[in-house]
Each structure stands twice: as structure tokens, then as C-alpha cells.
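The values are calculated or read from the model by the stated rules, or taken from the named source; none is laboratory data. Keep in mind that this is a model prediction, so the values were computed, not measured. Note that we place each Cβ from the backbone using ideal geometry, even for glycine, and neighbour counts take in every protein chain shown.
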Amino acid sequence: MTGSVAYASAFELKKAFAEKELSPVEVVKASLARAQSLEPKLNSFVTLTPELALDAAKKAEAAIMRGENNGLLQGLPVSIKDVIPVKGVKFTTGSKALADNIAQINGPVAERVITAGACIIGKTTTSEFGAKAVGDSPLTGATRNPWNLAKTSGGSSAGATASVASGVTPFSIATDGGGSIRIPCSFTGLFGIKPQFARVALHPVSAATTLAHCGSVARTVRDAALLLTAESGFDARDPFSIADPAPDYLAACERSIKGMRIAWSPTLGFAWADPEVLRITESAAMTFQKLGCEVELVEKVFDEDPVEIWSSEFYAGIGTRLKPVLEKSRNLLDPAVIAIVEQALKQTLEQYYTNVFRRYDFREKTRQFFEKFDLLLSPTLPVPAFDVNRDLPIELEKSDRNVVSWVYYTYAFNLTGQPAASIPAGFTKSKLPVGLQIVARTHQEVDIFRAAVAFEEARPWVTEIPPIS
């Protein structure tokens with residue numbers, strides 16, 4: 001392997017390590033240098049951790065020289081969203097209220113990737129408490145999109161996607177409580193997957209207790225599968241953690257998709273989308289017909305928009321966690337977050353549990369829908385990336401949509417807990433990426449990887465590099 005390691009895939013780096021063409025130390029140094037050089041433009045990181053990364057890289061290099069394989073991610077640089085604790089490193093969740101907080105433990109996912117030999121180069125930016133679908137917070141300001149620095153990278157996993165899209169690391173660990181992996185992946189031209197709920201253990205428990213998924217963001221589907229393999233597994237500290245062995249995501253990438261039954265829905269029955277986005281995503285969806293799948297147009301997947309059910313749980317959880325700060329230091333918080341969590345906290349116990357039971361009904365109806373289909377395709381988002389420092393796109397500014405409900409397509413599948421991903425579908429005339437959402441049946445991440453790899457091979461996107469490079 002020759003030339004810059006920026007934009008090298010994880011598998012290319014692993015091969016170069018094995019053949020001793022590259023060393024983990026030089027790759028990690030290059031990753032850190034690129035992060036530092038791009039940081040003034042992108043603002044992707046809350047904290048860089050060079051000592052942590054280089055210590056892991058030196059251990060990986062020594063093991064490689066001894067001919068030892070000390071883990072699936074040995075020597076590979078990775079970043080972790082700053083809603084997941086890494087021991088001894090700042091743990092802020094994007095809030096001024098936690099600006100000086102230092103993590104006392106490694107979260108399960110941090111433990112797993114460290115054990116797998118990864119080199120953690122830093123903690124990436126997030127909207128405050130992961131509560132907005134754009135990439136800014138009172139603590140770190142706006143994270144910008146490598147495709148156009150005037151645009152948002154999306155949120156809440158803002159820095160994870162901006163840094164991967166700009167070639168800092170091949171992949172990143174992120175979370176998704178209402179679309180927070182899929183949203184910024186759509187805006188930045190990446191593959192990102194939230195696996196089955198609790199496939200990747202979380203501790204301490206998320207404020208969005210039964211909605212938050214931990215997953216992976218990458219430039220290639222196989223890289224995401226590699227990282228998710230390292231992340232997945234049971235951990236007793238997470239009360240929801242799945243005890244069964246994780247699926248073989250990498251093996252799934254080699255399986256055919258011929259004969260798969262796929263539903264394509266432009267609106268899910270309630271959403272609005274920009275016409276250019278619809279044209280791009282419909283063209284992408286029809287690619288699966290050429291790949292041997294049965295693709296059926298389904299205008300109405302859901303009887304109604306489940307946004308009220310989702311908001312009831314998501315913002316009530318965050319609001320309850322934030323109550324001490326709301327009472328004592330509300331000036332530190334994002335005004336947009338304050339407004340929506342206070343609204344959620346006004347609901348009565350009866351209203352809250354009515355929505356809990358509505359959620360169970362919604363989940364069962366969705367399960368029945370997937371008895372007929374293996375996958376559901378839709379736009380990931382209604383619009384391409386819009387200007388930084390806005391909470392929602394200008395097209396929806398005067399609508400009834402709020403800081404997350406404008407995303408329409410993503411939050412439904414946090415309510416159901418099933419696997420969902422965003423895959424690059426193409427570009428607008430303004431050269432902004434557009435994502436196609438792929439949703440699988442419960443526990444069937446393998447079907448997403450099968451379909452995503454087939455699409456990636458039919459319509460490659462890795463040769464498209466943001467102009468920031």
C-alpha cells in the first residue's frame with residue numbers, strides 16, 4: 001500500500017499491517033495529524049486522545065512484529081461519540097453542564113474495541129445530550145459538513161460522520177436514539193447502521209432508555225461490519241443486553257440477495273420529502289430490481305406518524321435526567337433542547353403510559369408488515385444538508401415539526417428496535433449526498449449487510465471524496 005493513509009479502508013490497513021507495509025504507529029500518527037489539521041474547519045472532536053491512541057498503536061505494532069494477532073481491530077484508529085464513556089477522558093455529552101466531567105469507567109463498547117486492539121484517537125462531537133438532529137451544541141459549537149462547510153453534518157452523531165467522511169479514521173462508534181447515526185450519514189455520504197436494539201451494550205444507561213442503539217459509521221459496508229462485530233456482545237451491566245451470539249455480519253456481506261422481497265416507500269404514509277431527494281432515492285431503490293430482488297411500491301406503511309409516541313419517551317427521559325440542571329443552571333443549556341424537554345415533562349403519567357401502550361401496538365403492526373417483506377427502503381431524510389446553526393430545514397421552518405420530528409423517516413424504527421441503516425444513494429445537483437434508508441426485520445442485521453454490499457458493488461461511492469480533501 002502506497003501514498004496517504006487518509007481514506008484507506010480498515011481492511012486495506014489490516015492487510016498493510018499484516019504485510020508490514022505500514023505500521024499502526026505511523027497510521028495513528030497520520031490520523032491524529034489529519035484530525036488536528038481539519039479541526040479548525042470541521043470541529044469534529046471534543047477531545048483528541050493522542051497518548052491513549054499511540055500507546056495502543058505501539059502495543060499493536062509490537063504484537064504484529066512478533067507475529068501475533070491481538071484482536072479484530074488491531075492497530076486501527078477509531079473515534080467514539082462523546083455520549084459513551086472512555087476512562088480518564090472528558091465525557092461531556094455536548095453540554096456545558098458537563099464540560100469538565102471525566103469518565104470514571106470505560107463503557108462496554110469502549111472496553112470491547114480496546115480489547116479488540118483499536119486505537120481510540122478521540123471523542124467526537126454531539127448535539128447536547130443527543131437531543132437534536134443537527135450538529136451543534138452550546139459546548140462545542142457547530143460541526144460542519146466536509147462536502148460543504150456552510151452546511152451541517154447532521155446529528156446527533158455530528159463529529160463521528162464529519163471525521164470519517166473527511167478521511168480521519170476509516171470508521172467511528174456512534175449512537176442512534178431517533179436517527180442519530182442515519183441522519184448524519186445521509187448528510188455526509190456514509191454507510192451507518194444502528195443494529196438490533198441492545199445488540200451493542202450501553203452503560204451507564206442512556207437517558208433514552210429503550211430507544212438508544214449503539215452502532216457503527218464507515219465509508220464502506222464491510223468496514224462497518226468489522227467494527228460492529230467488535231462492538232457486539234452481551235454485557236450484564238446493560239439490563240436489555242442480548243445474550244445470544246451476534247450474527248456474522250462479515251459472512252453476510254458475501255451472500256446473494258437474489259429473491260429478496262423489498263418494499264419501497266417514498267413517504268411511509270405520512271412524510272414529506274424534497275422532489276430531488278425522492279428522485280435520487282427512488283432510482284437507488286430500483287437498483288435492487290436489477291440485482292434480482294422483488295421491489296414493490298408501498299405508499300402507506302404506517303396508519304399515522306408515530307412522532308408523539310417517540311417524543312413522549314425520548315424527551316421525557318432526557319428531561320428527567322436534566323431536571324437538576326434545568327432548575328439550577330438552565331443558562332448552560334441549548335434553548336431548543338430546553339423548550340422540547342419541558343414540553344415532554346408536562347405530560348401526565350396517564351398520557352405517558354397511554355403512549356407506552358400505543359408503542360406496543362405500533363411495534364406489532366410493524367412486525368406484521370415485515371411478514372411480507374425482508375427489507376423496507378425509504379429516503380433517510382426529507383432534504384439534503386442545510387445551513388449550519390439551524391435546528392431544522394428552511395422548508396419546514398413554518399411547519400409543526402420540531403428539532404427532531406422534521407426527520408420523519410428514522411424515529412419509527414427506534415420505537416420498534418429493529419435494525420436500520422443509511423446507505424449513500426447519490427448526490428443532488430449541488431453535490432450534496434443523499435441517503436437511502438434500509439430497514440430489516442427484527443434481529444436481521446444480516447439482511448441489511450447483504451443488501452448494502454450488493455448496492456455498494458453496483459453503485460460504488462468510495463471514489464467520491466469531499467472537496468475539503
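Let's see how each residue does on (1) without any contact (Cβ under 8 Å) to a residue 24 or more places away in the chain; (2) buried (at least 24 other Cβ atoms within 10 Å of the Cβ); (3) outside any loop (DSSP other than H, G, I, E, B):
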| residue | (1), (2), (3) |
| --- | --- |
| Leu38 | no, no, yes |
| Leu54 | no, no, yes |
| Asn69 | yes, no, no |
| Ile84 | no, yes, no |
| Gly94 | no, yes, no |
| Gln104 | yes, no, no |
| Arg112 | no, no, yes |
| Leu139 | no, no, no |
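Within segment 1-36, take every residue that is basic (Lys, Arg) and surrounded by fewer than 17 Cβ atoms within 10 Å (Cβ to Cβ) and give me the one that is farthest from Phe171 (Cα to Cα). Steps first, please.
As a first pass, look at segment 1-36 and keep what is basic (Lys, Arg): 14-15, 20, 29, 34.
Keeping just the survivors that are surrounded by fewer than 17 Cβ atoms within 10 Å (Cβ to Cβ) gives 15, 20.
On the way: Lys15: 16, Lys20: 22 Å.
Checking each candidate, the answer is Lys20.
Scanning segment 346-360 for residues that are more than 15 Å from Trp310 (Cβ to Cβ) and aliphatic (A, V, I, L, M) yields one hit, Leu349.
Beta carbons closer than 6 Å, at least 6 apart along the sequence or on distinct chains, pair a first residue in segment 264-279 that is over 18 Å from Leu392 (Cβ atoms) with a second that is modelled with pLDDT of 95 or more and among the basic types (Lys, Arg) for Gly269/Lys300.
In segment 346-362, of all residues being modelled with pLDDT of 95 or more and of a type in the set (Lys, Arg), the one that is surrounded by the fewest Cβ atoms within 10 Å (Cβ to Cβ) corresponds to Arg358. Close contacts from segment 362-375, counting a first residue that is under 23 Å from Phe288 (Cα atoms) and a second that is of a type in the set (Asp, Glu) and buried (at least 20 other Cβ atoms within 10 Å of the Cβ), with Cβ to Cβ under 9 Å and a gap of 6+ residues or different chains, come to Asp374/Asp447; Leu375/Asp447.
Here is a yes/no grid of residues against (1) surrounded by 18 or more Cβ atoms within 10 Å (Cβ to Cβ); (2) farther than 23 Å from Gln437 by Cα; (3) touching a strand residue (DSSP E or B) at 6+ places or on another chain (Cβ under 7 Å); (4) among the aromatic types (Phe, Trp, Tyr):
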residue: Glu364; (1), (2), (3), (4): no, no, no, no
residue: Arg367; (1), (2), (3), (4): no, no, no, no
residue: Ser378; (1), (2), (3), (4): yes, no, yes, no
residue: Phe386; (1), (2), (3), (4): yes, no, yes, yes
residue: Lys398; (1), (2), (3), (4): no, yes, no, no
residue: Arg401; (1), (2), (3), (4): yes, no, no, no
residue: Ala412; (1), (2), (3), (4): yes, no, no, no
residue: Leu415; (1), (2), (3), (4): yes, no, no, no
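Restricted to segment 226-261, and to residues there that are part of a loop (DSSP other than H, G, I, E, B), among the charged types (D, E, K, R) and touching a Phe, Trp or Tyr at 6+ places or on another chain (Cβ under 9 Å), the residue that is farthest from Leu291 (Cα to Cα) is Asp244. Residues in segment 221-248 that are in contact with a strand residue (DSSP E or B) (Cβ under 7 Å, 6 or more places away or on another chain) and closer than 15 Å to Ala10 by Cβ: Val221, Asp223, Ala224, Leu227, Leu228, Glu231. Just one of the numbered conditions (1) touching a Lys or Arg at 6+ places or on another chain (Cβ under 8 Å); (2) closer than 23 Å to Thr126 by Cα; (3) at pLDDT below 95 is not true of Leu415: (3).
How about segment 147-176: which of its residues are part of a strand (DSSP E or B) and either surrounded by fewer than 24 Cβ atoms within 10 Å (Cβ to Cβ) or not aromatic (Phe, Trp, Tyr) (or both)? So that I can check it myself, show each step before the final result.
Quick first cut of segment 147-176, residues part of a strand (DSSP E or B) only: 148-152, 171-176.
Those that are part of a strand (DSSP E or B) and either surrounded by fewer than 24 Cβ atoms within 10 Å (Cβ to Cβ) or not aromatic (Phe, Trp, Tyr) (or both): Asn148, Leu149, Ala150, Lys151, Thr152, Ser172, Ile173, Ala174, Thr175, Asp176.
Highlighted here are the helices (runs of 4 or more DSSP H) found entirely within segment 272-389 that include at least 1 residues which are more than 28 Å from Ala458 (Cβ to Cβ): 307-328, 335-345, 349-369.
Do you know which residues across segment 69-105 are within 15 Å of Phe129 (Cα to Cα) and of a type in the set (Lys, Arg)? Lys81, Lys90, Lys96 - these are the residues of segment 69-105 that are within 15 Å of Phe129 (Cα to Cα) and of a type in the set (Lys, Arg).
Yes/no matrix, rows are residues, columns are (1) of a type outside the set (Val, Ile, Thr); (2) closer than 29 Å to Asn331 by Cβ; (3) touching an Asp or Glu at 6+ places or on another chain (Cβ under 7 Å):
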position: Thr93; (1), (2), (3): no, yes, yes
position: Ala97; (1), (2), (3): yes, yes, no
position: Ala116; (1), (2), (3): yes, no, no
position: Gly135; (1), (2), (3): yes, yes, no
position: Leu149; (1), (2), (3): yes, no, no
position: Gly154; (1), (2), (3): yes, yes, no
position: Ser163; (1), (2), (3): yes, no, no
position: Phe171; (1), (2), (3): yes, no, yes
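Kindly evaluate Leu268 against the criterion of being under 19 Å from Asp374 (Cα atoms), of a type outside the set (Val, Ile, Thr) and crowded, with 20+ Cβ neighbours inside 10 Å. Yes; evaluated as a whole, the condition is true for this residue. When the criteria are applied in full, Gly122 fails the requirement of being part of a loop (DSSP other than H, G, I, E, B) and at pLDDT 95 or above.
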